[in-house]
Amino acid sequence: MLGRILALTVKEFLALFKDKRSRFVVVIPPLIQLLVFGYAASFDLNHIPYAVYDRDGGYAARELLAHFQGAPSFELVRPIQRQEEIAELIDRRAALLVIQIPPRFTADLVSGRTAPVQVLIDGRNSNSAQIAQSDVSRILTGFNQDWIAQHQLQGMPVSLVTRAWYNPNLESRWFFVSGLVGLLTLVVTMMVTALSVAREREQGTFDQLLVTPLRPVEILIGKAMPGILIGTLEASLVVTLAVFWFKVPLTGGLGVLYSGILLFVLAAVGVGLMISSLAATLQQALLGAFLFLVPAVILSGFATPIDNMPDAVQTLTLVDPLRYYLVILRSVFLEGAGFELLLPQMWPLALIALATLAAAAWLFRHRMS
Amino acid sequence: MAALLSPRLLGLLRKESLQILRDPSSIAIAFVLPVLLLLLFGYGVSLDSKHVPVGIVVEQPSSEASSFLGAFQQSVYFEPRFYGTRQAGREGLRQRQVKGLLVLPADFAQRLKADRDAPIQVIVNGVDANSARLLEGYVQGVWSSWLQRELQARQIPVARPVEPETRIWFNAELASRNYLVPGLLVVNMTLVGALLTALVFAREWERGTLEALMVTPVTLGEILIGKLLPYFVLGMGGMVLSVLMALFLFEVPMRGSFWVLALCSTLFLLTALGMGLLISIVTRNQFVAGMIAILATFLPAFLLSGFLFDIGSMPAVVQVVTHIVAARYFVTILQSLFLAGDVWSLILPNAAALVLMASFFLGLSRRLLRKRLE
């Protein structure tokens, strides 16, 4: 039995790698994608273009604006002279926000009254708007504290002392790069498996495979091997890049990490083979791959938290293998989690792997044109 | 126009349409895929968190502490969960029962009464940095409005030099759906366009039918139009369906004009179809074409288009890369069309970029098709 499986595995690898382009496509693009996406995927705003409409011109206004100029993520587009320029700058997205300082600003401040500062933010990207808004209020708080200290006024008697665990500077790159490990593992595994059976069906060679003495289980193992090996290898490469290139701290153990990787790759291979054996043509397989891939990514919590989804959708995410894998990756990377904390993520993965692989083996025989 | 009306072209169009009808997966790509994805996206993707589980530890109950907690429990953003000790709270945070932890130290009330600095400790789980930052912001908001009320009630004069008056344009309630749905339309159309055409030439190459087609009197241009037009009609059908869903199901406002939307959609769909065709012609192999379609469409449109992540914050090299992602231009156009209106200074350059990309893909497809045959 082992010999037959080995022979089939070798054949599968040859089928995949004999074509120079498909060899290239499996290895290089995912690495390039990690590099590009690793830099692209971040919610941190480090270039906030802003404009200033200073209708006061007093020294307090200048002091306030100095606080903005001192903030590294804020970039002054230009000072504005007329009201109409505000809309013009925001409309064409030259500025994300405009700070308008009213006349009498300095006079108000000096006489101890609260002076309003108008902040206009482009809300087309609601997330950036929200981040910019909190950055502005942080700068204003800093200005207030300085002003209070300089003029010996009574400040707020209560303060918030905030700390973030696992990611003290709240770098969203750590979150996304560890997530990208999951995304790219999934994409590569799907690419290798989802089209494999469908291609043989379209060419008619799958029927030939079925009349050989190979049993469905053996065919399953043979078809699954390239996906498992390439998926695991790709995951290792991507993890290496994440640690050494992007400097994401890997605080957990490799044993937990690889248990997670293996379970996830098995589940992804299962889904891929199931799609492939359901499809009659390559086009159907490709459609099936996307119909799985896109929702799997969206519902995994890769970019937007699962907790924000409505309950019905949250239930749907329970069958998404990527959901569990991302929690495992992020916990192992950032929280240093061990087996006992991740068991609730691991058994659903094992279950999905088992169910989809069994379904694929069954479909091999029972879906004949 | 003469070429458009020739019986040869009509014959080709008939053949392609029949082929589309025979394998229902093309129709599924054009209509079922967008509807399904938009439903999932529209309901599933949201950056607005509500009812975040937050642990609270009160080391010494007092009236000040309960008034602070009252303000907390009223907020829709939190779902408070109480822990007896600091230790238990930290364990809850470690076990991911809560996303953040608030500790009111034993001397909180005492220090507050004495007007000494009374710190409240806040710990957030920073793994999801964006959510953590939003959580911090929510806590800050509840805290500062509570504090103001408290100080006013007790008539303690506190200096508040500058007060921001924030106004958000185009999306006053900051609903993330209003900005995500237009972007999702783009991701959707990228997939539909490229998937529809990525396999068409590759399939004919593999089956040898393309050469058979070549020995007939049809011209290259006719073949390309014959392949393009039926898929274009399918893709536009999908687009119309998606826009209708965005407007009526997700209730995204539409402040621009429909003819601009139609025109820009046409340009973008031509670009996406052209990219699919090019993949198909370059690879001549359905398997490789399929793999490239998976790699080149979804993830770039998802991550590099500015639909989710701010392009301005990316490193310069990556920003350059985003220029070859057609989705980037369409995302900019759509977000403005839906939320802001016809902003010509934005629409014109981006539409021009789309024209350029569409003619590049289609022109290159035509050239390569000829070369490959010789």
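Here the dipole of the range A:1-140 is about 880 debye; that uses its Cα centre as origin and unit charges on the Cβ of Lys and Arg (positive) and Asp and Glu (negative).
Toward the positive end of the charge dipole of the range B:290-374, about the Cα centre and with charges on Cβ (Lys, Arg +1; Asp, Glu -1), which of B:LEU299, B:ALA358, B:ALA316 goes farthest? Positive-most Cα among the choices belongs to B:ALA358. Residue by residue along B:37-45, Cβ atoms of other protein chains within 10 Å of the local Cβ number 5 on average. Relative to the Cα centre, the charge distribution of chain A, modelled as +1 at Lys and Arg Cβ and -1 at Asp and Glu Cβ, gives a dipole magnitude of about 1060 debye. Remark on the range B:52-153: hydrodynamic radius 13.9 angstrom, per the Kirkwood mean of 1/r across alpha carbon pairs. Cross-link partners of A:LYS247 among aspartates and glutamates, defined as those whose alpha carbon lies under 13 angstrom from its own and excluding same-chain residues fewer than eight positions apart: A:GLU171. In a GNM of chain A with a 10 Å cut-off on Cα contacts, which of A:LEU45, A:LEU266, A:LEU34 has the highest mean-square fluctuation? The residue with the greatest mean-square fluctuation here is A:LEU45.
Translational diffusion coefficient, Stokes-Einstein: compute it for the protein assembly as shown using the Kirkwood radius over C-alpha pairs as Rh, at 4 °C and 1.567 mPa s, and state it as an integer in µm² s⁻¹.
Once the numbers are plugged in, D ends up at 46 µm²/s.
Charge tally for B:GLU165 (other residues, Cβ to Cβ under 15 Å; Lys, Arg +1; Asp, Glu -1): +2.
For A:ILE48, the residues whose amide H sits under 5 Å from its own are A:PHE74, A:GLU75, ignoring neighbours fewer than 5 places away on the same chain, with H placed 1.01 Å from N.
For chain A, complete DSSP H runs whose alpha carbons reach 15 Å or more along their own long axis and whose mean Kyte-Doolittle score is -1.0 or higher are A:2-17, A:20-40, A:59-70, A:126-150, A:172-194, A:216-244, A:254-278, A:282-298, A:339-366.
When the charge dipole of the protein assembly as shown is built from unit charges on Cβ atoms (+1 for Lys and Arg, -1 for Asp and Glu) and taken about the Cα centre, the candidate among A:ALA296, A:GLN150, B:PHE68 whose Cα reaches farthest toward its positive end is A:ALA296.
Residue by residue along A:31-42, Cβ atoms of other protein chains within 10 Å of the local Cβ number 6 on average. If you plug the beta carbon distance of B:THR209 and A:LYS20 into 1/(1 + (r/R0)^6) with R0 = 22 Å, you get a FRET efficiency near 0.35.
Roughly how tilted is helix B:129-153, in degrees to the nearest 10 and between 0 and 90, from the longest Cα axis of chain B? Taking Cα atoms only, the helix is inclined about 40 degrees. Applying the Karplus relation 6.51 cos²θ - 1.76 cosθ + 1.60 with θ = phi - 60° to the range B:268-273 yields 3J(HN,Hα) values of 5, 4, 4, 4, 5, 5 Hz, where x marks Gly and Pro.
The angle separating the long axis of helix B:344-373 from the principal Cα axis of greatest extent in chain B is about 40 degrees. Based on alpha-carbon atoms, the Kirkwood radius and the radius of gyration of chain B give Rg/Rh equal to 1.15. Look at the Cα gyration tensor of the range A:93-189: its axes a ≥ b ≥ c give a/c of at least 1.5 with a/b at or below b/c, and that counts as oblate.
Under 17 Å from a point placed 7 Å out from the Cα of B:HIS51 along the Cα-to-Cβ direction: which residues of the range B:67-92 have their backbone N that close? The answer is B:73-82, whose backbone nitrogens lie closer than 17 Å to the label point. Placing unit charges on each Cβ (+1 for Lys and Arg, -1 for Asp and Glu) gives the range B:52-153 a dipole about its Cα centre, and among B:TYR77, B:SER131, B:GLN110 the Cα reaching farthest toward its positive end belongs to B:SER131.
For A:LYS223, the lysines whose Cα comes closer than 19 Å to its Cα, not counting residues fewer than 8 places off in the same chain, are A:LYS11, A:LYS18. With 0.36 nm allotted per residue and the present C-alpha distance subtracted, the A:HIS366-A:ALA71 stretch has 99.7 nm of extension available.
Dividing the helix sum by the residues of chain A, where each DSSP H run of 4 or more adds -39500 (n - 2.57), gives a mean residue ellipticity at 222 nm of -21500 deg cm²/dmol.
For the interface of chains A and B, what total accessible area is buried with a 1.4 Å probe, rounded to the nearest 100 Å²? Intermediate values should be presented prior to the final figure.
Working: alone 19810 and 20170 Å², together 29470 Å².
Counting protein atoms only, the buried area is about 10500 Å².
Candidate cross-link partners of B:LYS227 among the lysines, defined by an alpha-carbon separation under 20 Å and a same-chain spacing of 8 or more, comprise B:LYS15, B:LYS371. Take the Cβ-Cβ distance between B:HIS323 and B:THR85 as r, set R0 to 60 Å, and report the resulting FRET efficiency rounded to the nearest 0.05. It comes to 0.60. Largest to smallest in accessible area, the residues B:SER46, B:SER67 fall in the order B:SER67, B:SER46 (1.4 Å probe, all protein chains included).
Proximity of backbone amide H atoms, modeled 1.01 Å from N, is registered between B:VAL52 and B:PHE78, B:GLU79 at under 5 Å, excluding neighbours fewer than 5 places apart on the same chain. In this Cβ point-charge picture (+1 for Lys and Arg, -1 for Asp and Glu), the protein assembly as shown has a dipole of about 1820 debye about its Cα centre. What translational D, rounded to a whole number of µm²/s, comes out for the range A:227-274 from Stokes-Einstein when the hydrodynamic radius is the Kirkwood one over Cα pairs, at 20 °C and 1.002 mPa s? Answer, rounded: 187 µm²/s.
The distance between label points at A:ALA280 and A:VAL217 comes to 3.2 nm (points 7 Å beyond Cα on the Cα→Cβ vector).
Seen against the Cα atoms of chain B and their longest principal axis, helix B:63-74 is set at about 20 degrees. At the residue level, A:LYS20 shows approximately 150 square angstrom of accessible surface with a 1.4 angstrom probe and all protein chains present. Computed over chain B, the per-residue total of -39500 (n - 2.57) for DSSP H runs of n ≥ 4 gives a 222 nm mean residue ellipticity of -20500 deg cm²/dmol, rounded to 500. The C-alpha radius of gyration of chain A, expressed as a fraction of 2.2 N^0.38 Å, stands at 1.34. Just the protein heavy atoms count here, and of the accessible area of the protein assembly as shown at 1.4 Å, carbon and sulfur take up 63 percent.
Take the Cβ atoms of B:GLN60 and B:ARG96, set R0 to 25 Å, and the FRET efficiency comes out at 0.35.
For A:TYR53, nonlocal amide neighbours, meaning residues 5 or more places apart or on other chains whose placed amide H falls under 5 Å from its own, are A:ILE80, A:ILE99, A:GLN100, A:ILE101.
The values are calculated or read from the model by the stated rules, or taken from the named source; none is laboratory data. The structure displayed is predicted, hence computed values, not measured ones. We place every Cβ from the backbone using ideal geometry, glycine too, and count neighbours over all the protein chains shown. Note: areas computed on protein heavy atoms with side chains; ligands, DNA, RNA excluded. Shrake-Rupley method; radii C 1.70, N 1.55, O 1.52, S 1.80 Å.
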